[in-house]
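The values are calculated or read from the model by the stated rules, or taken from the named source; none is laboratory data. As the structure is a computational prediction, the values presented were derived from the model and not from experiment. Here Cβ is always computed from backbone atoms with ideal geometry, including for glycine, and neighbour counts include all displayed protein chains. Protein only, heavy atoms only, side chains kept; ligands, DNA and RNA dropped before computing areas. Shrake-Rupley method; radii C 1.70, N 1.55, O 1.52, S 1.80 Å.
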Amino acid sequence: MKTLRNIAAGSLGLALVFSSFTAIDAQAVERVPGQINGDRSSGCVVDWTARAMLDRNMNNIPVGLRKGPYSTSGFMESVHPDYGSKAVLENHHWFNPVSDIQYWRIPIGAEYGILPGATLTVDLPDDMTDVHLMSDLRTEVKDMTLDEFMERQTFGALARKLNWDIVPTATQTDAARNIWTLTFPNGLPEGHAAIVEFVGNGDRTKHYEATSHFRGLRETDENGNACLTTPEPELTVGQCQAGVVGRTTFSPYSKDIDLREKYSDRWQGTGALWGEAGADGWDPSRQYSDAAGATRRMRFYAATKRELNNATMTVSAPQGATFDEASIASALTPGGGQLVANGFSQSVTGISNPTVSADKKTLTFTVAHMPENSSLSVEVTAVLTGEKAFDTPTSKPMVFFHTLVGSIPGCEVSPSPSTPATEPTPDKPQEPSKPASPKAANPKKAGPLAHTGATSGMVLGAAGLTLIAGLLAAKRRKA
């Protein structure tokens, strides 16, 4: 078998690789009887398969897979709008007309967005040698843009909706079987697609087959619901206490925190943010791996505009991570990051040593006194658990809850009201107690956070007024 000519020397083989983009219609694919719909997606899970055979001898291609020349035939399985799919995944294929070189071009895209972490596994022919991958073809198209070139493929309106600008990361994961794995660390955002091409030695008189399999997670399902939901924190604040709560979302595919949410007293409340509990995060290795055991350095902080005593800071990782207790650094006060620049420049006193729970999911420490406009921060390494979403290659994001609850100086806790016991009078026997109402045994479930105020009293008052109005109406009817 001939070897692939020196690429740097500008050989005929390489020239035809680039010029192959001008032979647009020769690579177009049309539906023919016998092809299988490779879109097996369900709900949020994306599951696509494409298979094709490359053979110049049309007698070796089943009749049902023949359509025009060999390069537009042999598509055994495809994802294509003609099947009703809103996506495309195909194995385009052809030989160099004057040398023993074979080509496999794989377009991949959808009308909807696909989250980071998706993978494309390409199983090339085992005896395809000297394989060269081109994962960014935008500079290889002649006399037109890559988008214009793809519009002339048989993807119809779908091609016109897509920008072919996504460049995946590729590695050969099995050299013996010629298997490649391409990852999409940024996913395939809505309106964006990728196209890759494998070029290698291949005898023009032989038969070859290749399979591509893509698996990932949609951003939203067909009804527009988010495919990844985020747990919500809780905050309980007692009498003479004040608290702040925050939630941090950090995708293992991101280089910085994705979302910081900070609230005081009530989750998703509208009150003034008198304090905050939050996080910063980064990857010191700059590898941004989503594998279990990969790490991120986290800085958890708390700040307050009001004075607090005996405060407790709790950080939990309900999803995607655990804490390495041995990595905890000494607390810093005032805190790091932008806290001082944001006005939280005073120091706290009496910080305890942070402790990690047995399941390594919760970090806790206490603070004896927090003056007005004070802050603190603690750094710890978070270890990724590698949790996958819906049995796909996509890892769930790390989610952290952080709460700060402390006592308000000078506030006195009101004693709980008590009702003295009553005894029956001697001339009136005590009535037997009535069974509890079924509704009373199942009170309405409270929201995730405590709400204070006179709401219950107002409800009882309204019920009393309704009862009185009913009695008066009955009296008038009797009159």
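Assorted remarks:
- Evaluated on the range 101-205, the Kirkwood hydrodynamic radius is 14.6 Å, with distances taken between all distinct Cα atoms.
- In the assembled protein chains, V383 presents an accessible area of approximately 40 Å² (probe radius 1.4 Å).
- Where labels lie 7 Å past Cα in the beta-carbon direction, separation of N163 and Q338 in nm: 2.7
- Calculated accessible area for the range 168-283 comes out at 44 Å² per residue, all protein chains present (probe 1.4 Å; ligands, DNA, RNA ignored).
- In the context of the full set of protein chains, residues of the range 308-381 present 43 Å² of accessible surface per residue (probe radius 1.4 Å, heavy atoms only).
- The residues Y288, Y103, sorted by heavy-atom accessible surface at 1.4 Å with ligands and nucleic acids left out, run Y288, Y103 from largest to smallest.
- Distances between placed amide hydrogens fall under 5 Å for L188 paired with I114, L115, all partners being 5 or more residues away or on another chain.
- Stretch gain in nm, segment C411-T171, where the contour uses 0.36 nm per residue and the Cα spacing is subtracted: 80.1 nm
- Per-pair calculated FRET efficiency, R0 = 35 Å: D256 and S42 via Cβ, rounded to 0.05: 0.60
- Once Rg and the Kirkwood radius are both taken over the C-alpha atoms of the range 210-355, their ratio Rg/Rh works out to 1.02.
- Summing charges over neighbours of T220, with a neighbour being any other residue whose Cβ is under 14 Å away from its Cβ, gives -3 when K and R count +1 and D and E count -1.
- Across V63, V315, the residue with the most accessible area heads the list, and the full order at a 1.4 Å probe is V63, V315.
- Listed values for the range 304-312 are Karplus-derived 3J(HN,Hα) couplings in whole Hz (6.51 cos²θ - 1.76 cosθ + 1.60, θ = phi - 60°), namely 9, 8, 10, 6, 9, 10, 6, 8, 10, and x replaces Gly and Pro.
- Remark: accessible surface ordering of E387, E261 (largest first) is E387, E261, probe radius 1.4 Å.
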